[in-house]
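The values are calculated or read from the model by the stated rules, or taken from the named source; none is laboratory data. It should be emphasised that the depicted structure is a prediction, and the values quoted were computed from it without experimental measurement. So basically every Cβ, Gly included, is an ideal-geometry build from the backbone, and we count neighbours across all protein chains shown. The area values use the complete protein model at the heavy-atom level, side chains included, leaving out ligands, DNA and RNA. Shrake-Rupley method; radii C 1.70, N 1.55, O 1.52, S 1.80 Å.
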Amino acid sequence: MADMTLLATALTDDALFAAWERVRHNHGGAGIDGVSLEQFGEKLFGRLITLRSEVEQLHYCPEPLLEVSLVKKNGQLRKLAIPTVRDRILQTSVARVLMPSIDSQLESASFGYRQGHSVKMAVAMVTHWRDEGFQWVVDADITAFFDNIDHRLLRDKLGRTVPDHSTFPLIDLWLAAVIQPLSGPPRLLDKGVPQGSPLSPLLANLYLDDFDENIMGHRYRLVRFADDFLILCRERQEAEEALRYTTEVMKSLKLELQPDKTRVTHFDEGFRFLGVEFIRNLLKPVIEGAEPWVIPPGYAGLEAHDRAFARHHFSDKPDQNGVTVSKNTKPDSAPEEGTPFSKRRSVKPVQLESDDDQGWEMVDAPLDPQVRSLVLTGHGMGLYKENDRLIIGHQGDVVETIPFHTLDQIVVQGNHMVSSALLRYAARHEVEVYFCDSGGTCVGALDTFRHNHADLHRAQFLRDEDGAVKLMLARAFVRGKLHNTRVLLRRYNRRRQLDALHQADLQLADLMRRLPTTLTLDQVRGTEGQGAHVFFSAAKQLLPAIWGFSGRQRRPPADPFNLLLSYGYGILFNTVMTLVHRRGLNPYLGALHALRPGHPALVSDLIEEFRAPVVDTVALYALLDGVLKPDDFVMEGGADFPCRMEDSARRKYVALLQGKFRSAILHPRVQQRMDYHRAVQFQVYHYARVMLGDEQVYEPFTLR
């Protein structure tokens with residue numbers, strides 16, 4: 001997949017089907033050919049195959065666009081040019097593959113038509129700059145923006161932004177569209193992009209990116225949503241200069257400002273922007289009852305919009321208190337040497353061998369922890385509550401005290417005493433508590449009864465009844481797992497050049513090629529099982545014989561590698577469960593893993609794409625690079641505990657996992673810097689949006 005062109009990627013079965021799902025979700029009408037969504041869907045797969053064949057054989061020609069007029073609320077007409085259903089599908093698929101390259105180049109001042117951005121965020125940014133003293137405003141409007149985009153300038157910008165030009169011939173065809181009104185002769189589109197085309201919003205944003213860069217290169221502050229924008233300044237003279245400069249920049253883009261809708265104003269005078277009336281320090285929706293869509297709750301908390309994680313890529317609504325990232329508060333004192341527990345700290349991530357060249361960097365200053373955890377290991381500790389602090393004791397002595405507000409989850413492994421007062425406090429303050437066995441497997445959790453997300457649960461149940469959706473989700477989870485497993489094995493084989501690992505890579509590639517042809521959930525599960533077998537067979541060749549690994553054995557783990565995997569998967573499970581609860585999803589309704597009593601199938605689903613990048617990577621590193629030695633493990637030979645870790649080894653391994661969770665990556669889909677905790681959270685919130693119908697296709701997390 002990594003070597004495929006953008007066009008080839010857009011023409012895959014998964015891409016075309018995802019595009020169809022999005023087009024269907026938008027409920028558009030028929031185009032000039034009269035074929036409705038229902039009619040197209042009757043012979044869906046045959047039509048998609050024909051569409052791909054026409055493009056590949058250079059026979060594709062878009063149909064004319066059907067021009068319709070809508071009456072706006074002000075009585076004016078808005079003209080839309082509607083492509084046919086098949087053309088909308090192809091444009092949508094191309095837009096989806098172009099989006100990462102284009103969106104990563106757009107400026108932070110651009111809020112419209114971008115995933116993870118909203119009107120509320122743009123409004124919050126305006127209020128932020130207002131409060132920072134930028135009270136003079138250039139309130140501007142571009143004359144017929146979509147109709148006046150210059151094709152040559154757009155093509156030049158596209159060529160500078162997207163290195164892969166394979167989709168450009170299709171874009172040229174769509175730009176040279178024929179417009180067919182309901183009455184009258186057709187006409188050729190010689191400038192502008194048609195409103196109604198799935199590709200137009202992306203191209204429009206790209207066209208105005210040079211304008212954004214020019215304005216943001218000065219001392220002004222810009223907030224833009226599509227072709228509506230404000231330029232905020234500290235002084236009136238500065239605002240007037242900004243208006244003159246904007247006029248010049250627009251001229252270079254062959255655009256004009258609309259004189260009767262462009263002015264210099266002040267917050268004291270008031271103005272309207274994106275359906276919100278701004279006057280002094282007040283915000284009021286222009287349309288009564290529109291507050292949920294245009295007024296940001298606790299908008300002062302969005303003043304860090306320019307930082308990656310205040311852009312709300314992770315949620316369709318802010319985390320509690322309107323904050324996505326919270327500071328880690330260190331405990332009052334360090335634990336005594338040899339204490340059998342691990343507290344999440346600012347751990348410097350370890351450079352792992354298998355992380356070479358994966359397109360993200362390890363940093364000495366990790367991001368603030370997204371899931372702050374206390375992992376209590378060993379046996380015989382006591383956890384108590386005193387005021388708003390958690391007390392850890394051992395044989396009558398206080399080992400450590402930790403402020404409760406610095407914790408998101410407590411993982412109790414082994415046999416310990418936990419006070420009921422502590423559990424009540426944790427439930428009241430939304431601290432997750434998990435109870436695990438010594439091998440790290442979660443056997444229970446504290447249910448706080450605080451989750452009231454009936455709308456999301458209802459959406460999950462409805463999706464659960466849709467076989468096509470479940471199949472799409474299951475394929476995505478397995479695709480992510482297979483891809484990331486391939487990447488992991490490839491990295492380890494760069495230096496070793498083992499034929500067994502090379503063969504495993506080919507086998508995984510073949511499974512990925514066959515995955516889109518699976519027609520049932522059982523077939524998808526079979527493919528996942530084959531992929532796991534291929535990985536563990538390769539790991540057997542990779543690990544020296546001293547570790548005694550002969551294959552995957554879960555319960556009980558019979559050797560150090562199996563033990564590290566099971567223990568690590570347990571910690572990953574707890575992390576995903578916390579984030580699933582935080583979003584309000586029902587953890588028992590999954591797709592890949594079958595529904596059965598007491599099994600959080602959704603958590604198991606979401607774990608799949610993170611097994612290789614996090615747990616498998618750390619487990620292999622710990623054994624192959626000598627972080628853990630054979631003496632760190634006790635081989636008892638019993639049926640219940642054939643292999644266990646010494647407490648010191650357990651602390652080392654937990655520290656490695658924590659460092660890995662907090663190592664910095666560049667998310668391949670949104671091109672945002674984050675750590676693995678936030679990558680997991682991104683996928684959880686992405687899954688929720690798919691359940692609610694805000695997004696049509698689940699895209700797994702995949703390593704570069």
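Summarising the label geometry, the points placed 7 Å from Cα in the beta-carbon direction at ALA30 and ALA532 lie 4.9 nm from one another.
Hey, what did segment 47-134 get for relative contact order, percent, Cα under 8 Å, at least 6 apart? Mind showing how you got there, number by number?
Values: 43 pairs, mean separation 12.8, N = 88.
This gives 15 percent for segment 47-134.
Tell me the label-point distance for the pair GLU386, GLN237, using the 7 Å Cα-to-Cβ offset, in nm and rounded to one decimal. Modelled inter-label distance: 6.4 nm. Under 13 Å from a label point set 7 Å out along the Cα-to-Cβ vector of ARG244, no amide N atom of segment 196-229 is found.
Calculate the FRET efficiency for HIS379 and MET635 from the Cβ-Cβ distance with a Förster distance of 25 Å, rounded to the nearest 0.05.
On the way: r = 20 Å, r/R0 = 0.79.
Approximately 0.80, to the nearest 0.05.
Taking K and R as +1 and D and E as -1, what net charge do the other residues with C-beta under 10 Å from the C-beta of CYS233 add up to? Each step should come with its number before you reach the end.
Details: positive: ARG219, ARG221, ARG234, ARG236; negative: GLU235, GLU238, GLU240, GLU241.
Net of charged neighbours comes to 0.
Between ARG187 and ARG78, what's the calculated FRET efficiency when r is the beta-carbon distance and R0 is 25 Å? Round to 0.05. Let's see the in-between values first.
Numbers: r = 18 Å, r/R0 = 0.71.
Step by step, r from the Cβ atoms, then E = 0.90.
Would you calculate the separation in nanometres between label points at ARG152 and VAL178, each defined as 7 Å from the Cα along the Cα-to-beta-carbon direction? Distance between the two pseudo-spin positions: 2.6 nm.
Seen from TRP547, the other residues with C-beta closer than 12 Å to its C-beta sum to a net charge of 0, counting Lys and Arg as +1 and Asp and Glu as -1.
Quick one: grab the alpha carbon gyration tensor of segment 592-636, order the square roots of its eigenvalues as a ≥ b ≥ c, and give me rounded if a/c is under 1.5, else prolate or oblate depending on whether a/b is larger than b/c. Mind dumping the intermediate values first?
Working: a/c = 5.60, a/b = 1.98, b/c = 2.82.
Verdict is oblate for segment 592-636.
If the segment from THR161 to LEU595 were pulled out straight at 0.36 nm per residue, it would be longer than the present Cα-Cα gap by 151.7 nm.
Exceedance of the 29 Å cut-off in Cα-Cα distance is limited, within the set LYS43/LYS79; LYS481/LYS652; LYS79/LYS251; LYS251/LYS284; LYS79/LYS120; LYS120/LYS261, to LYS43/LYS79; LYS251/LYS284. Inter-part distance, segment 502-518 to segment 196-230, computed on C-alpha centroids, equals 42 Å.
ARG280 exposes around 120 Å² of accessible area when a 1.4 Å probe is run over every protein chain in place.
With R₀ fixed at 30 Å, the C-beta to C-beta distance from HIS218 to ASP694 puts the FRET efficiency at about 0.25.
Given their separation in residues at 0.36 nm each and the Cα-Cα distance between them, ALA427 and LEU666 gain 82.6 nm when the chain is fully extended. Relative to the current alpha-carbon distance between ASP466 and CYS61, full extension at 0.36 nm per residue lengthens the span by 142.4 nm.
Under the classification rounded if a/c is under 1.5, otherwise prolate if a/b is larger than b/c and oblate if not, where does segment 89-181 fall, given a ≥ b ≥ c as square roots of the Cα gyration tensor eigenvalues?
Numbers: a/c = 2.35, a/b = 1.77, b/c = 1.32.
It comes out prolate by the Cα gyration axes.
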